[in-house]
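Read the structure below first, then the notes.
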Amino acid sequence: MDRPDIFDRHRRRLLRDRAAPTYADHDFLRAEMLEGIADRLASVTRGFDDVLDLGCFDGGFTPPGAKRIVRVDAGHAFAGGLQADEDRLPIADASVDLVISAGVLDSVNDVPGALTLARRALRPDGLFLGAFLGGESLATLRGVLLEAEADRPAARTHPRIDVRSAGDLMVRAGFALPVADIETLNVRYRDLFGLLRDLRGMAATSLLPDPAPLSRAGLARAAAAFAARADADGRTVERFDIVTLTGWAPAPSQPKPARRGSGTASLADALKPR
């Protein structure tokens, strides 16, 4: 039996298409993610000829030395060749050397499935680098919305994947040498509406199905609660946690963990006081 979708796929495509014309004015989070991905790529000595850009947005990222880039996006306006959801990926197995994914995995219905498909698309010893908003992202927005609708709170933001769960998902998807880490970016806003403009502009508003409309009175209360959290300069901090994933498609040449019981040193001896 198929599991029901967490996110509205049609709404996701629609919001991405609406964001496309002015995306460059609101792309700072993905730019931060891509900078982290580029730093990790720079530390790898080998090259990558065939690349899959999974969730390509405006297609602004080109890995050094790439000879062929397949760009995929769920939105029609962003799609740079293929329009598809990340968990329904029409890419042949073992067809690319590198998969990058920045800014989309937090809004995919089947994240384990998307990661598995990305791993299958990689040739042996191919590299996956992904980044998305996770952890305690949008803590201020969640707080002011709950405060504004204290009597009848509605689900307006979806739960986020924390860094530990992200690492577990990489293992579950079959990646070798998986690593998950997190970086927090704090952004100061003059008012709630500036934050909402950025979220709409980067196609990061709620994708939960059948969203309950927020009344004008509720929005006004949320804006007031947001302003009440302002610092001395009149700006309120919103938190964005960027979770970055690194993993390799398994290959015989990769280092293997030592076999259990193969150690030559005694843990008990090592813990004895000297």
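The values are calculated or read from the model by the stated rules, or taken from the named source; none is laboratory data. All values derive from a computational prediction rather than experimental measurement. Cβ coordinates were reconstructed from backbone atoms using ideal geometry, including for glycine residues, and neighbour counts include every protein chain displayed.
Before moving on, here are some points about what is shown:
- Residue, surrounded by the fewest Cβ atoms within 10 Å (Cβ to Cβ), within segment 137-163, restricted to residues that are closer than 19 Å to residue 109 by Cα and in contact with a strand residue (DSSP E or B) (Cβ under 8 Å, 6 or more places away or on another chain): 162
- Check on residue 82, among the hydrophobic types (A, V, I, L, M, F, W, C), out of contact with any helix residue (DSSP H, G or I) (no Cβ under 6 Å at 6 or more places or on another chain) and part of a helix (DSSP H, G or I): no
- Subset of segment 197-230 (residues that are closer than 30 Å to residue 99 by Cα and not basic (Lys, Arg)): 198, 199, 201, 202, 203, 204, 205, 206, 207, 208, 209
- The condition of being out of contact with any strand residue (DSSP E or B) (no Cβ under 7 Å at 6 or more places or on another chain), part of a helix (DSSP H, G or I), touching a residue at least 40 places away in the same chain (Cβ under 8 Å) and farther than 28 Å from residue 117 by Cα holds for only one of 225, 217, 212, that being 225.
- Failed item in (1) over 25 Å from residue 180 (Cβ atoms); (2) free of Cβ contacts under 8 Å to residues at least 60 places away in the same chain; (3) of a type outside the set (A, V, I, L, M, F, W, C); (4) part of a loop (DSSP other than H, G, I, E, B), with residue 45 passing the rest: (1)
- Scanning segment 69-85 turns up at least one residue that is surrounded by fewer than 24 Cβ atoms within 10 Å (Cβ to Cβ), touching a Leu at 6+ places or on another chain (Cβ under 9 Å) and touching a residue at least 40 places away in the same chain (Cβ under 8 Å).
- Residues in segment 48-68 that are within 20 Å of the chain's Cα centre (by Cα) and either under 17 Å from residue 119 (Cα atoms) or assigned to a helix (DSSP H, G or I) (or both): 51, 52, 53, 54, 55.
- Here residue 168 meets the list (1) at pLDDT below 95; (2) surrounded by fewer than 16 Cβ atoms within 10 Å (Cβ to Cβ) almost entirely, failing just condition (1).
- Of all residues in segment 86-97, those being surrounded by 15 or more Cβ atoms within 10 Å (Cβ to Cβ), within 18 Å of the chain's Cα centre (by Cα) and farther than 10 Å from residue 54 by Cβ number 1.
- Which listed residue is farther than 23 Å from residue 224 by Cβ, modelled with pLDDT under 95 and either buried (at least 16 other Cβ atoms within 10 Å of the Cβ) or acidic (Asp, Glu) (or both), from 129, 207, 122: 207
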